[in-house]
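Undergrad: Here's a structure for you.
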């Protein structure tokens, strides 16, 4: 450590290396968290259910989404990205997933919520398979960290179905 | 202030000065030095302080549940470590080396060059020693 510049360089290099190690340990500490989230989605109304001119089915729903995702937040969480997807099976595709609504939760206080909304994104099928179809609604979440690994998981809610006829 | 008067003033004040000085990057008007023991001490202090502040910052952040607290404590620690170890403080110069004046060195004989007569004509290089008191 011979000169001013040499010592300054050593300080900066060592401190940044240690900072990187601290961030890695902070990310690993996220694995110690055992979350217990809950969610419930009620379909309040099917606003309309039509076949488009191109031949694809389209539906518009109003949902009441309520969830408690506070246990997912840790000290290393920047925000939570959540979205609701409808999943169903058709003869053409073994799994269809259509994203209906999403949101970003920036803080733990906002993670226990309910919202009454129509679907943010259009629910259009590849074909006209939706009449009488049973489908699941899943709430997915991505825990976006301040540093390190991102965790993603979901809750599957089954038992929803479309009407037999167009409205 | 001329270089000569600076050195005289510092010798008067009790700071050990030498004719061979290393200019710090920011070049203040007074040139201090850091001796070999001081350099080792500075490096040790820097490593230990950074590690201690890193552990303290992580524990503080984890216990308080605040990532920002960890980063702030660590940044403060890095700044404090920099202030203590980077400038040439006098306590890093407690074991100075007293270099011999060139005028003194002239009075003592230099070691002679020995040319060894090996088959390949290998010649040893001349070594010049400056004696330290």
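Read the figures in this text as sums done on the coordinates, not as results from a lab. Not measured: the values here are computed from a predicted model. Don't worry about glycine lacking a Cβ; one is built from the backbone with ideal geometry, like all the others, and counts go over all protein chains shown.
Undergrad: If R0 is 35 Å, what FRET efficiency do you get for residue B:79 and residue B:99 from their C-beta distance, rounded to 0.05? Please report the intermediate quantities before stating the final value.
TA: Working: r = 35 Å, r/R0 = 0.99.
Using R0 = 35 Å, I get an efficiency of 0.50.
Undergrad: Enter the mean number of other protein chain beta carbons within 10 Å of the beta carbon of each residue in A:34-44, as an integer. Write down the numbers at each step before the final one.
TA: Values: counts 0, 0, 0, 0, 0, 0, 0, 0, 0, 0, 0.
Shielding by partners across A:34-44 averages 0.
Undergrad: Only residues of the stretch A:91-127 count here: report those whose backbone N is under 14 Å from the spot 7 Å along Cα→Cβ of residue B:64, or say none.
TA: What the label zone holds, given the 14 Å backbone N cut-off, is no residue at all.
Undergrad: Separate question: What angle do you read, to the nearest 10 degrees and between 0 and 90, between the alpha-carbon axis of helix A:4-29 and the longest principal axis of chain A?
TA: 40
Undergrad: Work out the mean other chain Cβ neighbour count within 10 Å for the residues of B:64-73 and drop it here as an integer. All intermediate terms of the calculation are to be shown ahead of the outcome.
TA: Values: counts 1, 5, 1, 10, 2, 1, 7, 5, 0, 0.
Across the residues of B:64-73, the mean count of other-chain Cβ atoms within 10 Å is 3.
Undergrad: At q = 0.19 Å⁻¹, what is the base-10 log of I(q)/I(0) for the stretch A:24-154 according to the Debye formula with one equal point scatterer per Cα and no solvent? Please give it to two decimals.
TA: -1.03
Undergrad: Kirkwood Rh over Cα pairs of the stretch A:49-112 into Stokes-Einstein at 10 °C, 1.306 mPa s: D in µm²/s? List each step's numbers first, then the result.
TA: On the way: Rh = 14.6 Å.
D, rounded to a whole number, is 109 µm²/s.
Undergrad: Here's a follow-up. Name the residue, out of A:56, A:76, A:119, whose mean-square fluctuation peaks in a Gaussian network model built on chain A with Cα pairs under 10 Å.
TA: A:56
Undergrad: Provide Rg and Dmax in Å for the stretch A:28-67, with only Cα atoms included in the calculation.
TA: Taking only Cα atoms of the stretch A:28-67, I get Rg and Dmax of 18.4, 53 Å.
Undergrad: Further, regarding this structure: By DSSP, what percent of the beta bridges with both residues in chain A are antiparallel, rounded to the nearest 5?
TA: On the way: 49 of 49 bridges.
Of those bridges, close to 100 percent are antiparallel.
Undergrad: Sticking with this structure for a sec: Partner chain Cβ atoms within 10 Å, averaged over the residues of A:7-18 - can you pull that number for me? Write down the numbers at each step before the final one.
TA: On the way: counts 12, 6, 0, 6, 11, 2, 0, 8, 11, 1, 1, 11.
That works out to 6 on average.
Undergrad: Based solely on its DSSP helices, what 222 nm [θ] is calculated for chain A when runs of n ≥ 4 H residues each add -39,500 (n - 2.57) and the sum is averaged over all residues, nearest 500 deg cm²/dmol?
TA: Values: 1 runs with 26 residues, N = 167.
One gets -5500 deg cm²/dmol as the mean residue ellipticity at 222 nm.
Undergrad: Please compute the contact order of the stretch A:27-164 in relative form: average sequence separation of alpha-carbon pairs under 8 Å and at least six residues apart, divided by the residue count, as a percent. Mind showing how you got there, number by number?
TA: Working: 306 pairs, mean separation 37.7, N = 138.
It comes to 27 percent, rounded to a whole number.
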